[in-house]
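Below: one structure, written as structure tokens.
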Amino acid sequence: MRLSSTGFAVLGAALIAISFGLARFAFGLFVPPIREELGLGSSVIGIIGALPLISFLLATAVAPLVTRRLGSRYTAVLSGGFGVAGLSLISRAADPLMLGAGVFACGICTGLMMPALTAAMQAVVKRSLHGRVSSVMNAGTSIGVIVAVPTVLFLAGAWRHAYLSFAILAGLGVIAAWLLLPSVSRIVPANAADPPPLNELPWSRLVRLTLFAFLMGFVSAAYWIFAPDLVVTLGGLPSSATAWLWLAVGVAGLGGAVVADLADRNNPPITQALMLMMLSASLALLAASPDQPLLTAFSALVFGLAYMSLTGLYLMTGIRLLPGRLGVGPVLPFMAVSLGQAAGSPVVGALVDGFGYADAFAMFAALGILVAILSPFYPGAITASSLTFCCSRSATIRASFG
């Protein structure tokens, strides 16, 4: 069955919801009960929180080779298989090692899924729609976060049952990928030129994109891993209250696809500065009022919109900077964000142990503001007329800063 562009975007968003939203980002939602039952300290949680980010990077590094050998369908199925295994291990975890193995497997699931979907997108979606479809799929992370919320509300404290239900959903995702995704590894039009040589790539812009994505990931690690634990430990709110926190993140994050699409076509540096300031404000607000449910929910709304807008913007910038290398363009910023989160997670854990939640979050908020100030250096809008990649074999990439 051949999917339309819209159908592919919906399927991709669903698979991203499982591989990113449930297999990766839902972990922070369950940190309070997991930490209490297994007797884990903040430093240990910080290290475990970094494991799926490390495995994500490793999986992403080999994903182009895997996708070329297996094709998009079987790579997505392999990704889903790791998701099922990892989520099942977490549901059975009796110690930090088993928990770490589970989240590590979930990171592999996350790292393989986007390259598989990107390869399939080349066969199903018109090139002019690649950026927009990728942005819609990226919003699937928010959908996954929203799906995780009822498990906290109705299975309060029963995190093992929650992860078992996630494993079942991941199994359904495997079936959907098997039935609906094409088995191609890459579709190259007959009249398409070869990708430009490495020395013709816009290296300056790629380096700046990578650095900004890394720093945003570093700052956001505090919220993804420790925000629920902060409102429970410092704010004294019940564990079930963290569900509303993540619901707000997910709902607001759905708007990230729209913001990213508009920003990429207008003024990316200004949008990045605004969203980084919002992300930093969400950290500061949560640390200042962890015992106020309405303010913590507002903080989550701000964080969700800012984070999803930024990841969507980075993804679309990567695609536009590397139009002939779709196996790399969308993946590069995701790798940078994950590397930043992998570096930030143990750092914030150590700061929480050393200085407390409020000071640790304040430090990360200050760093986010500093990065926002540097946003004029972010690579600006790239117009379609600036890219003559497909018109000649020695492609020339001309882009203008917005």
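For the reader, a short list of remarks on this structure follows.
- Check on Thr67, more than 19 Å from Gly21 (Cβ to Cβ) and either crowded, with 24+ Cβ neighbours inside 10 Å or of a type in the set (Asp, Glu) (or both): yes
- Lone unmet requirement of (1) closer than 17 Å to Thr110 by Cα; (2) surrounded by fewer than 23 Cβ atoms within 10 Å (Cβ to Cβ); (3) at pLDDT below 85 for Pro323: (1)
- Taking (1) modelled with pLDDT of 85 or more; (2) surrounded by fewer than 16 Cβ atoms within 10 Å (Cβ to Cβ) in turn, Ala192 satisfies each apart from (1).
Here is a yes/no grid of residues against (1) touching a His at 6+ places or on another chain (Cβ under 7 Å); (2) surrounded by fewer than 22 Cβ atoms within 10 Å (Cβ to Cβ); (3) modelled with pLDDT under 85; (4) farther than 21 Å from Gly304 by Cα:
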residue	(1), (2), (3), (4)
Met121	yes, no, no, yes
Lys126	no, yes, yes, yes
Leu129	no, yes, yes, yes
Gly140	no, no, no, no
Gly144	no, no, no, no
Pro150	no, yes, yes, no
Phe154	no, yes, yes, yes
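- As a summary of the residue check, Tyr74 satisfies the conditions (1) surrounded by 22 or more Cβ atoms within 10 Å (Cβ to Cβ); (2) more than 21 Å from Phe25 (Cβ to Cβ); (3) not basic (Lys, Arg) except for the one numbered (1).
- Residue among Leu3, Leu29, Leu65, Leu53 that is outside any helix (DSSP H, G or I) and at pLDDT below 90: Leu3
- Scanning the stretch 1-12 for residues that are surrounded by 24 or more Cβ atoms within 10 Å (Cβ to Cβ) and farther than 13 Å from Val174 by Cα returns Phe8, Ala9.
Residue-wise test of (1) under 18 Å from the mean Cα position of the chain (by Cα); (2) closer than 26 Å to Ala221 by Cβ.
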residue	(1), (2)
Pro52	yes, yes
Ala59	yes, yes
Thr67	no, no
Ser72	no, no
Phe82	yes, yes
Gly86	yes, yes
Asp95	no, yes
Met98	no, yes
Ala101	no, yes
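The values are calculated or read from the model by the stated rules, or taken from the named source; none is laboratory data. On a predicted model such as this, the values are computed, not experimentally measured, just so you know. Reconstructed Cβ throughout: ideal geometry from the backbone, glycine too, with neighbour counts over all protein chains shown.
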